[in-house]
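The values are calculated or read from the model by the stated rules, or taken from the named source; none is laboratory data. Keep in mind the model is a prediction, meaning the values are calculated, not measured. Positions of Cβ are generated from backbone atoms using ideal geometry, with glycine treated the same way; all protein chains shown enter the neighbour counts. The accessibility values were calculated without ligands, DNA or RNA, using every heavy atom of the protein model including side chains. Shrake-Rupley method; radii C 1.70, N 1.55, O 1.52, S 1.80 Å.
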Amino acid sequence: MRTWLFFWWLLLGLPVLAAERTPPSFESAVRQQVARSPGERTSKALLLFYETRGFQPAWFSYDGAVRPQAGQYLEALQEAEEEGLRPERYLVSELNEDLRQLSLGGGPEDTWVRVELRLTSSFLTYASHLLSGQVTSQGLRWRTKPPGVVDLSALLEGALASGDLPGTLRGLCPSHPGFVRLREALARYRAIAAAGGWPLVPEGGPLERGIWDPRVAVLRERLRVTGDLPAAPEERPLYPGAPGVGVAALVGDLVRTAMEEEAPQSPREPSSEEFYDAELEEAVKTFQRRHGLPVDGKVGKGTLKALRVPVEERIAQLRVNLDRWRWAPRQLEQRYVMVNLPAFELEAVDQGQTVLRMPVIIGEPDWSTPVFEDEVEYLVLNPEWNVPRQITEEEVLPKLREDAGAAGKLGLKVIDRTTGQEVDPHAVEWSATEAGQGPYRFQQAPGESNPLGRVKFIFPNRFSIYLHDTPNPKLFEEASRAFSHGCVRVSEPVKLADFMLRGHEGWTQESLEAAMEEGGKPRRVELPAPVPVYLLYWTAFVNDEGRVEFRPDLYQRDWAVRRALEG
């Protein structure tokens, strides 16, 4: 039941005995509240709210009654769970008890002042969290534009005046389909948890098509809970013409077998539920796709580990990613490119529709690809590779100090920073060359071995990160693709270039292919208009078919958010 019966008196507007008049100390109480918590995000908004209304109370009327808006707000707080937040964080239990006591006439005369300020502080905090996340993105290496500035004090004043506090609060949530679908997924997974969760497939050896094993029956139940395997029919024949076995009887038998002590038993016929058939193999493949695992239809170590993650852990993962959505810009442009780093996937969106999707390679954990947004301004066909500073310091210079001929073996030219002229690497005393911004830089000419491939997509940024082709496309066949030094390698660069250049006369996929095949000098191509690009980090999301997908926390970013959400 959504309505909390124990604040019925609020909805009736019954008088509160302690609130017969506004005491002159109310302004002082407000200022003391702000002074006690100056660092909180909502302290300034609380003070501004009461200053604007001349330090008049908002939740109590002068005739000594609690206004109906208080009940509306406490009802709206019940939706916090649906948003991945916890009502307790916003003092819902304390507020309900306070108002119950006031309705009975208990407590000191100024008790209502404390309740008034608690209600206001609770609303401002909850509104702030719905708008920009319970956890602030500062310090968590998420560098996108904030969702926008909202005057929380004016928001509360407007909500009280309209009488629609629930609607006002809902309007603060992201409207992007990615957020909406994830919120719906949270509700489904909480329903699974409320029904007892899913069984954990017991540890053991690999499982694959064609084998008989009691653990296979548990695997079936596990996959049915999340819809990877269709619900079981009442009867499943062991083989054509064989008698069926009830699923309930089977599960009961498995539980008893697991819990009873070993004892001599008469042989029993294996159940069809214990046979790993083609249908189950397809269900395992579906599960593997949803979790970013190698898709082979077999339950090996990686798949078993994912199967044994309890539903509570997945719920926590969903909550973390819902809060991340609140850090993202509220309105995305009509055309943009988004890369989900943990999913190793890029999608190009036009008019709200995904028109292109492709695998990508991102930075390995020690060279993590940053989370940020920017705009692609131009392409470079047949690009040169100017070796980044960190790679120069950590990989190129150590090799040159051992052997000056390493530059040629690596395909690198040594360029004098001052003159811009190429230098013979054997004429340099590399042992005396300091790391950092030394007198030389390194460059690789266009060609088949160039790490940037045939095209790079430039969005100037302080991280020196960009999208580019690769001469080693075989790596896209791997399920986990964290192999780069931070830049994002794309699997279909010509299609992506065509998307970027749409509206640019003279460029088609065919002409792009021809220009890249020509080789030769680099060629800069300006875009008709900048294309926004978002490099983001979602370890839980919902795909276009409505299936919930999870990915490993490659860069170990989830835990800090989860700890803050639960703290």
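Can you tell which of 166, 174 is outside any helix (DSSP H, G or I), in contact (Cβ under 8 Å) with a residue 40 or more places away in the chain and open to solvent by less than 30 Å² (accessible area, probe 1.4 Å)?
Working: 166 fails: outside any helix (DSSP H, G or I).
When all the criteria are applied, what remains is 174.
Restricting to the stretch 273-316, name every residue that is touching a helix residue (DSSP H, G or I) at 6+ places or on another chain (Cβ under 8 Å) and in a loop (DSSP other than H, G, I, E, B).
Correct list: 276, 291, 293, 294, 295, 296, 297, 298.
Just give me the residues in the stretch 205-227 being assigned to a loop (DSSP other than H, G, I, E, B) and free of Cβ contacts under 8 Å to residues at least 12 places away in the same chain, in sequence order. Write out each step before concluding.
We begin by selecting, within the stretch 205-227, every residue assigned to a loop (DSSP other than H, G, I, E, B); these are 205-206, 208-211, 213, 226-227.
Answer for the stretch 205-227, where residues must be assigned to a loop (DSSP other than H, G, I, E, B) and free of Cβ contacts under 8 Å to residues at least 12 places away in the same chain: just 205.
Out of all the residues in the stretch 71-78, is one or more touching a helix residue (DSSP H, G or I) at 6+ places or on another chain (Cβ under 6 Å) and without any contact (Cβ under 8 Å) to a residue 12 or more places away in the chain?
Scanning the stretch 71-78 turns up no residue that is touching a helix residue (DSSP H, G or I) at 6+ places or on another chain (Cβ under 6 Å) and without any contact (Cβ under 8 Å) to a residue 12 or more places away in the chain.
Could you run through the stretch 349-362 and say how many residues are surrounded by fewer than 22 Cβ atoms within 10 Å (Cβ to Cβ) and closer than 18 Å to residue 487 by Cβ?
Going residue by residue through the stretch 349-362, those that are surrounded by fewer than 22 Cβ atoms within 10 Å (Cβ to Cβ) are 349-359.
In the following step, the residues that additionally are closer than 18 Å to residue 487 by Cβ were identified as 358-359.
Counting residues in the stretch 349-362 that are surrounded by fewer than 22 Cβ atoms within 10 Å (Cβ to Cβ) and closer than 18 Å to residue 487 by Cβ gives 2.
When the stretch 107-151 is examined, which residues are found to be part of a helix (DSSP H, G or I) and closer than 30 Å to residue 534 by Cα?
Answer for the stretch 107-151, where residues must be part of a helix (DSSP H, G or I) and closer than 30 Å to residue 534 by Cα: 124, 125, 126, 127, 128, 129, 130, 131, 132.
(1) at pLDDT 90 or above; (2) within 21 Å of the chain's Cα centre (by Cα): which one isn't true of residue 140, the others all being true?
Unmet condition: (1).
Tally the residues that are surrounded by fewer than 19 Cβ atoms within 10 Å (Cβ to Cβ) and under 30 Å from the mean Cα position of the chain (by Cα), restricting the search to the stretch 509-531.
Number satisfying all stated conditions: 2.
Would the stretch 369-381 turn up any residue that is in contact with a strand residue (DSSP E or B) (Cβ under 7 Å, 6 or more places away or on another chain), crowded, with 17+ Cβ neighbours inside 10 Å, without any contact (Cβ under 8 Å) to a residue 24 or more places away in the chain and not in a helix (DSSP H, G or I)?
no
Out of all the residues in the stretch 328-339, which are within 21 Å of residue 84 (Cβ to Cβ) and open to solvent by less than 10 Å² (accessible area, probe 1.4 Å)?
328
Taking residue 339, is it at pLDDT 95 or above and either at positive phi or part of a strand (DSSP E or B) (or both)? Can you show your working first?
Details: at pLDDT 95 or above: yes; either at positive phi or part of a strand (DSSP E or B) (or both): yes.
So residue 339 passes the test.
Just for the stretch 61-82: of the residues that are open to solvent by less than 10 Å² (accessible area, probe 1.4 Å) and closer than 25 Å to residue 170 by Cβ, which one is modelled with the lowest pLDDT?
Result: 66.
Looking only at the stretch 93-142, count how many residues are farther than 24 Å from residue 164 by Cα, in contact with a helix residue (DSSP H, G or I) (Cβ under 7 Å, 6 or more places away or on another chain) and among the hydroxyl-bearing types (Ser, Thr, Tyr).
Result for the stretch 93-142: 1.
Please find, among 161, 185, 127, the residue that is among the small types (Gly, Ala, Ser) and open to solvent by 20 Å² or more (accessible area, probe 1.4 Å).
Values: 185 fails: open to solvent by 20 Å² or more (accessible area, probe 1.4 Å); 127 fails: open to solvent by 20 Å² or more (accessible area, probe 1.4 Å).
Checking each option against the conditions leaves just 161.
Looking at (1) farther than 23 Å from residue 44 by Cα; (2) of a type outside the set (S, T, N, Q); (3) at pLDDT 85 or above; (4) open to solvent by less than 10 Å² (accessible area, probe 1.4 Å), can you tell me which one residue 102 breaks?
In the conditions (1) farther than 23 Å from residue 44 by Cα; (2) of a type outside the set (S, T, N, Q); (3) at pLDDT 85 or above; (4) open to solvent by less than 10 Å² (accessible area, probe 1.4 Å), residue 102 misses (3) alone.
Scan the stretch 453-473 for residues that are assigned to a loop (DSSP other than H, G, I, E, B) and of a type in the set (Phe, Trp, Tyr) and jot them down. Spell out the reasoning first.
The initial filter retains those residues of the stretch 453-473 that are assigned to a loop (DSSP other than H, G, I, E, B), namely 453-454, 459-466, 469-472.
Answer for the stretch 453-473, where residues must be assigned to a loop (DSSP other than H, G, I, E, B) and of a type in the set (Phe, Trp, Tyr): 459, 463, 466.
Being surrounded by fewer than 21 Cβ atoms within 10 Å (Cβ to Cβ) and acidic (Asp, Glu): is that true of residue 116 here? It would help to see each step written out before you state the result.
Numbers: surrounded by fewer than 21 Cβ atoms within 10 Å (Cβ to Cβ): no; acidic (Asp, Glu): yes.
Taking the combined requirement at face value, the residue does not satisfy it.
Checking the structure you have, find out if any residue of the stretch 415-434 is open to solvent by less than 40 Å² (accessible area, probe 1.4 Å) and either of a type in the set (S, T, N, Q) or in contact (Cβ under 8 Å) with a residue 40 or more places away in the chain (or both). Break it down into steps so the answer makes sense when it comes.
If we filter the stretch 415-434 for residues that are open to solvent by less than 40 Å² (accessible area, probe 1.4 Å), which is where we start, we get 415-416, 423, 425, 428, 430, 433.
Remaining after also requiring either of a type in the set (S, T, N, Q) or in contact (Cβ under 8 Å) with a residue 40 or more places away in the chain (or both): 433.
Yes - at least one qualifying residue is present in the stretch 415-434.
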